[in-house]
Amino acid sequence: MELALTFATAVLYSIAFYLLMSKHIIRMLLGVVILSNAVNLSIFINGRLTTIAPPLIPSDLSVPVDPISNPLPQALVLTAIVIAFSFFAFLLVLSYRAYQDLNTDDTDEMRVAEPKEEGLPPLGY
Amino acid sequence: MDELTGFVTEFGYVALGLPFVAAVLAPLLTRVLKSHSTWILALAPLAAFLIFLQGVFEVADGTVHRWGFSWIPSFDIAFSFRLDGLSLVFALLVTGIGTLIILYAGGYMKGHRDQGSFYTFMLLFMGAMLGLVIADDLITMFIFWELTSITSFLLIGFDHTREKARRGAIQALVITGGGGLILLAGVIAIREFTGLNSLTAILESGDALRDSPYYAMILILILGGAFTKSAQMPFHVWLPNAMEAPTPVSAYLHSATMVKAGVYLLLRMHPALGDTTLWMTILPAFGAVTLVVGALLAVRASDIKITLAYTTVASLGLLVMLIGVSSETAIVGATLYLIAHAFFKAGLFMVAGSVDHGAHTREIDRLGGLGRHMPLTFLAAILCALSMGGVTPFIGFLAKEEIYHALEYPTAYHIAILVAAIAGNALMFAAAFIVGLQPFVGPKPAGIEHPHEGGLRIWFGPLVLGVMSCVAALYYGLYHELFSSPMASAAYGEPVAIDIGWIPHLNLAFALSCLTALLGIGLYIVSPRLRSGIASSLDAIGWGPDRGFDQLMRGLVRFSFKVTGIVQSGRLDYYMTTTVVAVVAAMLGSMWWAGAFPTVPAYPTNIHFHEYIVLGLLLVGLGAVVVAKNRLTAIVSLGIQGFATALIFLLQGAPDLAYTQFMVETLSVVILALVMTKLKLSPSDHRPLREKLPDATLAVLVGLAFGLFLLTVVQRPFDDTLSQFFERYSYAIAHGKNIVNVILVDFRSIDTMGEIGVVMVTGLAILALIRIRIAGSGRREVKSLEQS
Amino acid sequence: MNSLILRFAAPYLTALMALFSVFVLLRGHNEPGGGFIGGLIASSAFAIYGIASGVAPVRRAMVFHPVSIAGAGLFLAVISGLGGIAVGEEFLYGVWWFPTFMGTELHLSSILFFDIGVYLVVVGTITSIALGLEEKGRN
């Protein structure tokens, strides 16, 4: 399963970056969501997929006896999912607002911070 | 650190802190007391001066005071200080002259709108300068060094509504701040190559630096710092341009402090870096050129403040030249001249300010006959000028005698330097009397109306300095014992006893002094003609380092504009593509470079049917996102790939992750739907094929890179120490059986705390964004109403 | 959204989901669940309620402003961390006590309060985002 999942993650990365290289904000947002999935799966795979038993200690024991899946990447990914979601929500609202103000979703036309025609800065003191 | 010894070390921090405290209080006091606040503010440097004065006797006996604490132990950096003969005299000059200057500034800046911040800048500069001369640790010294550059920038550009002041300030900052960075490189080189991290260590290291294979590099870097700060040709341009500052600044920065920092560094390093062929070649060469050119330009200037500025350049050249000679008498001459110069130059600058104040001009051609109206200023001026001209009984005379003693050897090397010294001194003699005598004698030109003496604070400072120049020479025994001998000993590295007195002996040095004076008198008489002669030859050359600086700065702006145009095109897809290319290059390139490609895996056989279904679902969702032709399809297919990911988590023994992912996907789809239905956006791809293909290629490469990377990682042995730890102790010490949750809320709870903080901040930012829209559109409506 | 069934069912559905989220939160230490998941469940409940019946009833039902809830959660998390300092240990050190209440031994800890803090932050923040966007969508 590790191998198959690695392949799937690679596809996720490809699609995410393909969408991110688009000029349309909405497609870039879709790319961001997929990218966070890809990263989460990478961390998850890095912790190795040896068993499918969840990392829980049986109720009558104090230490797990049977092998359980690696809890550490799960803890890391759990917070990553929530952070990625907040980040995505922020980006979404930001582009929504940019659209309201600039009336475009084409990044080529969003040039408030870096205008196209900019002369030489003043040369004096 | 050594144990605290004596009064000075106990109050060392106090003395250093006083100017800074006063700087903070200055605006407040000035708001209440107007310019009278300087009477109180001057107490800070005065108290520091008295604290340092307590240490004079001990230091004269050879004690070295050291105090401080470890600052960044991991880099072996300390916040430490050292008080020996050299730093003590400097500390006394900085605080003593500083006291007079603060008082003078109070008189000079009276009624100025921003005088409060002016006093703040002055006191900040004073604190920085004080820290610089008493610092022991090299990094501490560098920090104070750059602080003087920054505070002098504020002072020179104080009158920031004038372009010339701004230019002077920027020029000073670029040259001295840049030199400071060169010094930092030198300091790091010393620390790296020799392991010496403080001045004390350097001074005790004997020949360690001289024998280092990196000696030449270290020396040149240190000189880069010293020469820029001490205005050696061709870095001298900032000094005359800094005359745009109010006169108290010039009187302070260009007499005893800022410009002397470089000379201080050279004297400081002399025992460890000096006395080599390289040292004895570079320093006299730069010094001699600076001395002669500076003195010529001084006579050429018609503004008395500019004249003084160029004599400062010349004096710095003289000092560097003498330090370069490296002999005992030369170092003695340099220390004597340094003290004398601090006194008479500060005095003369203050006189120039008084003249400007009283007669409203500084042009030498339009000044004259002020002596009757400004007798006290005249007295101060003539005393300082006599010291500067090297007339007995003034400390300037002691210095000049000692300098000529140092050079009276019949070798070509000494004779060449001696000629430069005589020429420079004669020109400076003339300049001294152009400033100190000419405005006060002769007929009063028509342009000057109601010349008047300034207040007590205006004439007090220069008069004290002029009188002290004479008193110190008369009581030369005490002066040498307490101040100049310990200073020269520290700079020479061995105990030195100075015995030169004010009573001239008939010898070669005195003859040379007389020759200098005669030449000087001659030059003074022909000075108007000399001035126009130099001016016309300078016009013939037509280019100087000053114009070069402007060309350099303009070139820099043009260059950075071009580079910015290339690097920051302003197009997001360019940035994105660049990032992707960099990621691919970094990942595939490093794998290729290290030869760390994964082995080709066998086709997996242990995948269950339901796992194939889930993976298939994921890929179908992904594909649908890419080809989606409308918003709803895109959102739904995004949801499909998200739920597929959640299912993968569930099947691989991560129920917590699966539930979280389910909830997040639900919410993502909800808010996407909420926003996207309001936008008339097309999610379909409008890229033409010629853009799609390279983008797709890059995307495939990225996927390949990450895939190979993951394969490589998975094929390596796994270190599960940490996971084992959590499994073993989750219940034992944290009483929890869901290990993931225990890690989140117990073992790594501080991370989780940070994370919920981030979530909260994001939420606030989103709310703000939503609200701003209302305000923004409201404004737009108002604007469109106004336009119609 | 104009579905009569949804509008009718939403309050009950929301109440059930909110209750379920608390259950998930509290079992989190020993079974799958916890503050994050519980918080997300509760906030999707409120989001659905908002879509079905409009934002105003949700705000009324929640009593406090969502951001205040999030702020209170962060505050609670920090306070629970101080418990560790109170017993002379590190910040956020888990303090446990096992009182008996009506014959049942309870497992109380500063960790539990920390998790409740996490829950409140997630509920407050995500709900305020969702409600903010829903409000925006309506006008």
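Of everything in the stretch B:176-197 that's surrounded by 24 or more Cβ atoms within 10 Å (Cβ to Cβ) and of a type in the set (Val, Ile, Thr), which residue is nearest to the chain's Cα centre (by Cα)? This residue is B:176. Across the stretch C:1-34, the qualifying residues are those that are over 20 Å from residue A:74 (Cβ atoms) and touching a helix residue (DSSP H, G or I) at 6+ places or on another chain (Cβ under 6 Å), and the one among them that is modelled with the lowest pLDDT is C:1. At least 2 residues being at pLDDT 85 or above and of a type in the set (Lys, Arg) is the threshold, and among the helices (runs of 4 or more DSSP H) wholly inside the stretch B:500-605 those reaching it are B:545-567. Listed by position, the helices (runs of 4 or more DSSP H) inside the stretch B:412-485 whose residues that are open to solvent by 30 Å² or more (accessible area, probe 1.4 Å) and of a type in the set (Gly, Ala, Ser) number at least 1 are B:412-436, B:476-479. Of all the residues in the stretch B:557-577, those that are more than 9 Å from chain A (Cβ to nearest Cβ) and either open to solvent by 90 Å² or more (accessible area, probe 1.4 Å) or in contact (Cβ under 8 Å) with a residue 12 or more places away in the chain (or both) number 5. The number of residues in the stretch A:95-125 being open to solvent by less than 50 Å² (accessible area, probe 1.4 Å) and either part of a helix (DSSP H, G or I) or in contact with a Ser or Thr (Cβ under 6 Å, 6 or more places away or on another chain) (or both) comes to 7.
Kindly indicate whether residue B:16 is within 24 Å of residue B:117 (Cβ to Cβ), in contact with a strand residue (DSSP E or B) (Cβ under 9 Å, 6 or more places away or on another chain), at pLDDT 85 or above and not hydroxyl-bearing (Ser, Thr, Tyr). Taking the combined requirement at face value, the residue satisfies it.
Selection over the stretch A:20-33 of residues that are within 13 Å of the chain's Cα centre (by Cα) and within 7 Å of chain B (Cβ to nearest Cβ) gives a count of 3.
Under the condition of being within 10 Å of the chain's Cα centre (by Cα) and surrounded by 21 or more Cβ atoms within 10 Å (Cβ to Cβ), the residues counted in the stretch B:145-174 number 6.
Identify the residue in the stretch B:617-638 that is at the interface with chain A (Cβ under 10 Å from one of its Cβ atoms) and within 20 Å of residue B:651 (Cβ to Cβ) and, among all such residues, is surrounded by the fewest Cβ atoms within 10 Å (Cβ to Cβ). Before you say what the answer is, go through the steps one by one.
Taking the stretch B:617-638 as the starting set, the residues that turn out to be at the interface with chain A (Cβ under 10 Å from one of its Cβ atoms) are B:618-619, B:621-623, B:625-626, B:628, B:631, B:634-635, B:637-638.
This time we only want the ones that are within 20 Å of residue B:651 (Cβ to Cβ), so: B:618-619, B:621-622.
Values: B:618: 25, B:619: 17, B:621: 21, B:622: 23.
Per the stated criteria, the residue is B:619.
At least 1 residues that are touching a strand residue (DSSP E or B) at 6+ places or on another chain (Cβ under 9 Å), open to solvent by less than 60 Å² (accessible area, probe 1.4 Å) and touching a residue at least 12 places away in the same chain (Cβ under 8 Å) in each: list the helices (runs of 4 or more DSSP H) lying fully within the stretch B:665-758 that qualify.
Working: elements: B:689-714, B:721-734, B:739-742.
Helices (runs of 4 or more DSSP H) meeting the threshold: B:721-734, B:739-742.
Looking for something touching a Phe, Trp or Tyr at 6+ places or on another chain (Cβ under 8 Å) and under 19 Å from residue B:538 (Cβ atoms) - is there at least one such residue anywhere in the stretch B:320-329? For the stretch B:320-329, residues touching a Phe, Trp or Tyr at 6+ places or on another chain (Cβ under 8 Å) and under 19 Å from residue B:538 (Cβ atoms): absent. The set of residues from the stretch A:34-48 being surrounded by fewer than 21 Cβ atoms within 10 Å (Cβ to Cβ) and facing chain B (nearest Cβ under 7 Å) comprises A:46, A:48. Residues that are open to solvent by less than 20 Å² (accessible area, probe 1.4 Å) and hydroxyl-bearing (Ser, Thr, Tyr) were ranked within the stretch A:66-94; the one that is farthest from residue B:729 (Cα to Cα) is A:86.
So how many residues does the stretch C:95-130 have that are at the interface with chain B (Cβ under 8 Å from one of its Cβ atoms), hydrophobic (A, V, I, L, M, F, W, C) and surrounded by fewer than 24 Cβ atoms within 10 Å (Cβ to Cβ)?
Within the stretch C:95-130, residues that are at the interface with chain B (Cβ under 8 Å from one of its Cβ atoms), hydrophobic (A, V, I, L, M, F, W, C) and surrounded by fewer than 24 Cβ atoms within 10 Å (Cβ to Cβ) number 1.
Look at the stretch C:12-27: where a residue is part of a helix (DSSP H, G or I), no partner that is surrounded by fewer than 20 Cβ atoms within 10 Å (Cβ to Cβ) sits 6+ places away or on another chain with Cβ atoms under 7 Å.
Please work out which residue is nearest to residue B:87 (Cα to Cα), limiting yourself to the stretch B:98-144 and to residues that are open to solvent by 10 Å² or more (accessible area, probe 1.4 Å) and touching a strand residue (DSSP E or B) at 6+ places or on another chain (Cβ under 6 Å). Within the stretch B:98-144, the match that is nearest to residue B:87 (Cα to Cα) is B:144.
Is there a residue in the stretch B:712-723 that is touching an Asp or Glu at 6+ places or on another chain (Cβ under 7 Å), modelled with pLDDT of 85 or more and at the interface with chain A (Cβ under 7 Å from one of its Cβ atoms)? Can you show your working first?
Going residue by residue through the stretch B:712-723, those that are touching an Asp or Glu at 6+ places or on another chain (Cβ under 7 Å) are B:714.
Add one more test, that the residue is modelled with pLDDT of 85 or more, and what stays is B:714.
From the residues that got through so far, the ones that are at the interface with chain A (Cβ under 7 Å from one of its Cβ atoms) too are B:714.
Checking the stretch B:712-723: at least one residue is touching an Asp or Glu at 6+ places or on another chain (Cβ under 7 Å), modelled with pLDDT of 85 or more and at the interface with chain A (Cβ under 7 Å from one of its Cβ atoms).
Here the condition is being open to solvent by 10 Å² or more (accessible area, probe 1.4 Å) and of a type in the set (S, T, N, Q); of B:276, B:247, B:311, it holds for B:276 alone.
Within the stretch B:495-516, the set of residues being open to solvent by 50 Å² or more (accessible area, probe 1.4 Å), touching a residue at least 60 places away in the same chain (Cβ under 8 Å) and farther than 24 Å from residue B:432 by Cβ comprises just one member, B:495. Among residues of the stretch B:533-547 that are under 19 Å from residue B:240 (Cα atoms), those with a Cβ under 8 angstrom from a residue that is not in a helix (DSSP H, G or I), sequence gap 6+ or separate chain, pair up as B:538/B:544; B:545/B:233; B:545/B:234. Going by the structure shown, is residue C:45 crowded, with 21+ Cβ neighbours inside 10 Å, modelled with pLDDT of 90 or more and over 19 Å from residue B:666 (Cα atoms)? In short, no.
Checking each residue in the stretch A:1-11 for being assigned to a helix (DSSP H, G or I) and either more than 7 Å from chain B (Cβ to nearest Cβ) or touching a residue at least 40 places away in the same chain (Cβ under 8 Å) (or both) picks out A:2, A:5. Residues being within 12 Å of chain B (Cβ to nearest Cβ) and small (Gly, Ala, Ser) are entirely absent from the stretch C:58-67.
Tallying residues that are among the aliphatic types (A, V, I, L, M), more than 7 Å from chain B (Cβ to nearest Cβ) and under 20 Å from the mean Cα position of the chain (by Cα) within the stretch A:69-125 yields 4.
When C:133, C:92, C:74 are checked against the criterion of being over 20 Å from residue C:19 (Cβ atoms), within 10 Å of chain B (Cβ to nearest Cβ) and not in a helix (DSSP H, G or I), a single residue qualifies: C:92.
The values are calculated or read from the model by the stated rules, or taken from the named source; none is laboratory data. Source: prediction; values computed, not measured. Reconstructed Cβ throughout: ideal geometry from the backbone, glycine too, with neighbour counts over all protein chains shown. Calculation scope for accessible area: heavy atoms of the full protein, side chains included, ligands and nucleic acids excluded. Shrake-Rupley method; radii C 1.70, N 1.55, O 1.52, S 1.80 Å.
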